[in-house]
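Notes follow once the structure below has been shown.
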Amino acid sequence: MVDSSIPKFFEKNRKEKLEIVKNFSNLTETEIEIIKNSGGGISFEQADTMVENAIGVFSLPLGIATNFQVNQKDYLVPMVIEESSVIAAASKAAKIAKIQGGFSAKADESFCIGQIQVVDTDTKSSIPKIMQSSQEILDIANSKSQTLSKMGKGAKEITCKEIKTEVGPMLIVELLIDVGDAMGANVTNTMCEAIAPLIEKLTGGRVVLRILSNYSTRRMVRATAIFDKQGVGGEQVIDNIILAYQFAVNDEYRAVTHNKGTMNGIIAVANATGQDSRAIEAAANAFAAHSGRYGSLTKWSKDKNGNLIGNIELPLSVGIVGGIINVHPMAKICTKILGVTSAQELACIMASVGLAQNFSAIMALATEGIQKGHMKLHAKNIASAAGAKPEQIDKIVQKMVQENNISLNRAKELLDQT
Ligand code: MEV
């Protein structure tokens, strides 16, 4: 079995790191060349076809988190993020989780929810009419995707609800669509638009919006891991982590930051694999408030042996076919690095990375604080910005950290002295 625990990965040079990733994920020479030479992925010409008024492309760092084991399979996890410490923190958490078998995760099947807003209708009499015609509605919806229909997926169910608003009641018709391994926004919107005329005919009302809901509660993912007591650093640290968690549970101001740490991991993998990160964020934050009060996406407790148990649950709408993955060579390669074969597998990894990230953040906060680690990386960036060559960086960083004086001026002074 391939092993994601790669000793001292962070100390290796770029060539060595690429060689490891290449062997782990069976990347081709061409794919390695793309990582090395593409400047982050897409050409201007591609960008120009993706958005309006394009004037350039914008790249971010791509790193690899090691040590991940999810459902007994090892992964090297590509993460795209501008923030230092995040990738190191994920790798560290995954290393501790691996002591007790890594992460166990399960994702729901990928059902998208499409919404059709109907106004100027008598909701009570309209609902039975829609329900009686649900097969006809589903057939129209499914005629819009041969691909999904052929796979036995596609629109499966219609539900109706009434909402009361200050401008009167509205009928909301919801279409449940199994989108398989796609994110599914496009097909959902297409199906919603396709069925709208029939909904109007059946209800005698007027359809206003026809759009998917990003609150993807039919695409939930759950992950859990045991963080070994010794690995974490003993009982006191675990107790402090649980205190940190209780702070988040009982205070929205802390919960938002706590969840931000979790999302650092989830969004970094989302970026690497070309997901719609705004959809993921919006759904996660809505779910964090599903009890009526904004809270933590993770749960932390102790088992009978004093090990730390982490759980995460969130809606996660991701895809491995269609969308940007068709266009963006780096997203394609990152998905290959992960080696996932389904959207559910990707969701399981992303939830595990989120849990890992939250663990590392609250462990650091509950012990020495995050600034020490952060500052070291920050110092590295400063040294590099001051013009230090790779072989000069470590010495300058060490000195600035020692002096507790991390600044561009000091880095320049130290550089002049070397
Ligand atoms: C920083 O990006 C994330 C943290 O603030 C998360 C947290 O406070 O739990 C460290």
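The values are calculated or read from the model by the stated rules, or taken from the named source; none is laboratory data. Note that the structure is a prediction, hence the values are computed from the model and not measured. Cβ placement follows ideal geometry from the backbone for every residue including glycine, while neighbour counts extend to all protein chains displayed. What goes into the accessible areas is simple: the full protein's heavy atoms, side chains included, and nothing from ligands, DNA or RNA. Shrake-Rupley method; radii C 1.70, N 1.55, O 1.52, S 1.80 Å.
A few comments on the model shown:
- Per residue, the chain exposes an accessible area of 49 Å² to a 1.4 Å probe, with every protein chain left in place.
- Ligands, DNA and RNA left out, the 1.4 Å accessible surface of the chain is 52% carbon and sulfur atoms.
- Here the Karplus relation 6.51 cos²θ - 1.76 cosθ + 1.60, evaluated at θ = phi - 60°, turns the backbone of the stretch 309-320 into coupling constants of 10, x, 9, 9, 9, 7, x, 9, 9, 9, x, 10 Hz, with x for every Gly and Pro.
- Alpha-carbon centroids, the stretch 376-418 and the stretch 86-137: separation in whole Å: 47 Å
- Dipole magnitude of the chain, debye to nearest 20 (Cβ charges: Lys/Arg +1, Asp/Glu -1, about Cα centre): 720 debye
- Distance distribution P(r), the chain, all Cα-Cα pairs, bin width 20 angstrom from 0: 23, 50, 23, 3, 0 percent.
- Of interest is the spacing of the C-alpha centroids, which for the stretch 296-359 and the stretch 160-201 amounts to 28 Å.
- Ala65 long-range amide H proximity, modeled H, under 5 Å: Val77, Met79
- Stretching Gln230 away from Lys389 to a fully extended chain increases their span by 53.4 nm, per 0.36 nm per residue minus the current alpha-carbon distance.
- Modelled spin-label separation between Val167 and Gln398, with each label point placed 7 Å from Cα along the Cα-to-Cβ direction: 6.8 nm.
- Amide H contacts for Lys12 (H built 1.01 Å from N in the peptide plane; partners 5 or more residues away or on another chain; cut-off under 5 Å): none found.
- Computed FRET value (nearest 0.05) for Met50 with Glu413, which takes r as the C-beta separation and R₀ as 51 Å: 0.70
- Normalising the Debye intensity of the stretch 1-53 to I(0), with uniform scatterers on Cα atoms only, and taking log10 at q = 0.19, 0.22, 0.25, 0.31 Å⁻¹ returns -0.74, -0.86, -0.99, -1.21.
- Glu193 versus Gln246: modelled label distance in nm, points set 7 Å from Cα along the beta carbon direction: 5.3 nm
- With the helix formula -39500 (n - 2.57) applied to DSSP H stretches of n ≥ 4, the chain reaches a computed 222 nm mean residue ellipticity of -15500 deg cm²/dmol.
- For the stretch 393-405, backbone phi angles converted through the Karplus equation (6.51, -1.76, 1.60; θ = phi - 60°) give residue-by-residue couplings of 4, 4, 5, 5, 4, 4, 5, 5, 5, 4, 7, 6, 9 Hz, Gly and Pro being listed as x.
- Peptide ranges 184-196, 350-362 listed from the most packed, as the mean C-beta count within 10 angstrom indicates: 350-362, 184-196
- Cα-based helix-to-principal-axis angle, 277-288 vs the chain, degrees rounded to 10: 80 degrees
- Ordering Asn307, Ser317, Thr262 by Cα displacement along the dipole of the stretch 240-354 toward the positive end leaves Asn307 in first place; charges were set at the Cβ atoms of Lys, Arg (+1) and Asp, Glu (-1).
- R0 of 25 Å, Cβ-Cβ distance Asn405-Glu11: FRET efficiency to nearest 0.05: 0.45
- Per-residue Karplus couplings for the stretch 376-383, computed as 6.51 cos²θ - 1.76 cosθ + 1.60 with θ equal to phi - 60°, are listed in order as 4, 5, 4, 4, 4, 4, 5, 4 Hz, Gly and Pro entered as x.
- Fully extended contour minus Cα-Cα distance, from Glu82 to Thr257, at 0.36 nm per residue: 61.3 nm
- For Ser213, the residues whose amide H sits under 5 Å from its own are Ile113, Gly114, Gln115, ignoring neighbours fewer than 5 places away on the same chain, with H placed 1.01 Å from N.
- With R₀ set to 35 Å, the beta-carbon distance separating Asp303 from Ile211 gives a calculated FRET efficiency near 0.20.
- Ranked packing of 60-69, 396-405, most packed first, by mean Cβ within 10 Å: 60-69, 396-405
- In this Cβ point-charge picture (+1 for Lys and Arg, -1 for Asp and Glu), the stretch 373-417 has a dipole of about 80 debye about its Cα centre.
- Here each label is just a point 7 Å from Cα along the line to Cβ, and for Asn37 and Lys150 those points are 3.5 nm apart.
- Degrees between helix 329-338 axis and first principal axis of the chain (Cα, 0 to 90, nearest 10): 80 degrees
- Sorting 201-209, 87-95, 23-31 by average packing, meaning the other beta carbons within 10 Å per residue, from highest down gives 87-95, 201-209, 23-31.
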